[in-house]
Amino acid sequence: MRITRVLSASLLMLGLAVTPAVADSSPSPSASEDGGAPTEAGTSFRTATEIEQGQTATASGSAGDYLYWSFPADAGQRPTVKATVKLPDTHAAETWQIDVYDGLRRRQSCQYGAQTRAAAAGGTPSGGAASVDLTCVLRTVRAWSEPWANDPLPGTYYIRLTVVNLATSDLGLPVGAEVRVDSEDVGGAAAVDGSLAHPLVPGAGAIAQGGEEESTKEALLASLEPSGGWASGWWSDRWVWTAIGGALAALAGVGGYALTRGSGRPSRVTPGA
């Protein structure tokens, strides 16, 4: 009976450990439709246009301008930034580039993707290029990092789109741009032992609250955040697998004890019987 109770308790622990994994395996809500997506871009870090992941933002500009957007990225995500530049019918050969910066305005390197691309001259007998497609796949965002490291951290990320090689005759020609950000959730494989106290989001200013005697200031932070809020790396599926491993270890211990214990204590024989 005692072994039966222990086995029942172990199976209950295993069921509780598996339940969060099953609940977490359900499909996440789809990204919002592009209705209401931004149709303009900023010209600096401070005026960067905020976009949500899954949105396709558009903007009109001039060749030679710096176009800026910003988006939120949380721990465990691997963002992919895609941009398309629509060129005028007639233009000289030019080269476009997309750069991504984190909340500390540190330029983040791309794991792979065509971050810089050249467009052949348009309006020529060969036709030339009508658009340029750029892609930057960032490294996985970490919940915590050493101060000296340049790892991506949770917070606001900035996209900068500009031309890096342009003929003087093409300066100021109208161009169109489309930008989209999607992320892959890496999960517990990217979990680390630590997290930031707050995500790296910009403070646009401060407002005073309370009366003259008790006055406090609250930072006006970026209005966008991940759909599920900032996790800061406190939860990952590594917790689920740790619980399942503990439950299996308990079951193995109970099974080994049952096999080696035998039928119990030997019966006591009365001397002289």
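The values are calculated or read from the model by the stated rules, or taken from the named source; none is laboratory data. Quick caveat: nothing in here was measured; it's all calculated off a predicted structure. Neighbour counts are summed over all protein chains in view; Cβ atoms, including those assigned to glycine, are modelled from backbone coordinates with ideal geometry. Just so you know, the surface numbers come from the protein's heavy atoms only, side chains and all, with ligands and any DNA or RNA stripped out. Shrake-Rupley method; radii C 1.70, N 1.55, O 1.52, S 1.80 Å.
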| said: Would you confirm, using the coordinates I've provided, whether Ala118 is assigned by TED's automatic domain parsing to the domain that holds Gly228, assigned to a loop (DSSP other than H, G, I, E, B) and open to solvent by 10 Å² or more (accessible area, probe 1.4 Å)? | reply: no
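Residue-by-condition table, conditions (1) touching a residue at least 24 places away in the same chain (Cβ under 8 Å); (2) under 18 Å from the mean Cα position of the chain (by Cα):
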position	(1), (2)
Val85	yes, no
Val100	yes, yes
Cys110	yes, yes
Gln115	no, no
Gly122	yes, no
Gly172	yes, no
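Would you confirm whether or not segment 202-212 contains a residue that is at pLDDT 75 or above, assigned by TED's automatic domain parsing to the domain that holds Gly113 and within 26 Å of Tyr101 (Cα to Cα)?
Our first condition is that a residue be at pLDDT 75 or above; within segment 202-212, this holds for 202.
Still in the list and also assigned by TED's automatic domain parsing to the domain that holds Gly113: 202.
Pick out the ones that are also within 26 Å of Tyr101 (Cα to Cα) and you get 202.
Scanning segment 202-212 turns up at least one residue that is at pLDDT 75 or above, assigned by TED's automatic domain parsing to the domain that holds Gly113 and within 26 Å of Tyr101 (Cα to Cα).
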| Number of the exception - Ala129 against (1) within 21 Å of the chain's Cα centre (by Cα); (2) under 21 Å from Gly61 (Cβ atoms); (3) open to solvent by less than 30 Å² (accessible area, probe 1.4 Å) | (1)
| task | Considering only residues that are surrounded by 17 or more Cβ atoms within 10 Å (Cβ to Cβ) and touching a strand residue (DSSP E or B) at 6+ places or on another chain (Cβ under 9 Å), look in segment 187-199 and name the one that is modelled with the highest pLDDT. | result | Pro199
| request: Working only within segment 77-110, note down all residues that are open to solvent by less than 10 Å² (accessible area, probe 1.4 Å) and either among the hydrophobic types (A, V, I, L, M, F, W, C) or in a loop (DSSP other than H, G, I, E, B) (or both). | output: Val81, Ala83, Val85, Trp96, Ile98, Val100, Asp102
| said: Just checking, does segment 150-171 include any residue being assigned to a helix (DSSP H, G or I) and closer than 24 Å to Thr58 by Cβ? | reply: yes
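For segment 57-75, enumerate the residues that are under 17 Å from the mean Cα position of the chain (by Cα) and open to solvent by 20 Å² or more (accessible area, probe 1.4 Å). Walk me through it before giving the result.
If we filter segment 57-75 for residues that are under 17 Å from the mean Cα position of the chain (by Cα), which is where we start, we get 69-75.
Across segment 57-75, the qualifying residue is only Ala75.
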| task | Could you give me the residue pairs with C-beta distances under 8 Å whose first residue belongs to segment 134-146 and is closer than 11 Å to Val186 by Cα, whose second residue is surrounded by fewer than 18 Cβ atoms within 10 Å (Cβ to Cβ) wherever it lies, and which are 6+ apart or on separate chains? | result | Arg139/Ser109; Arg139/Gln111; Arg139/Asp151; Thr140/Val186; Arg142/Asp151; Arg142/Val192
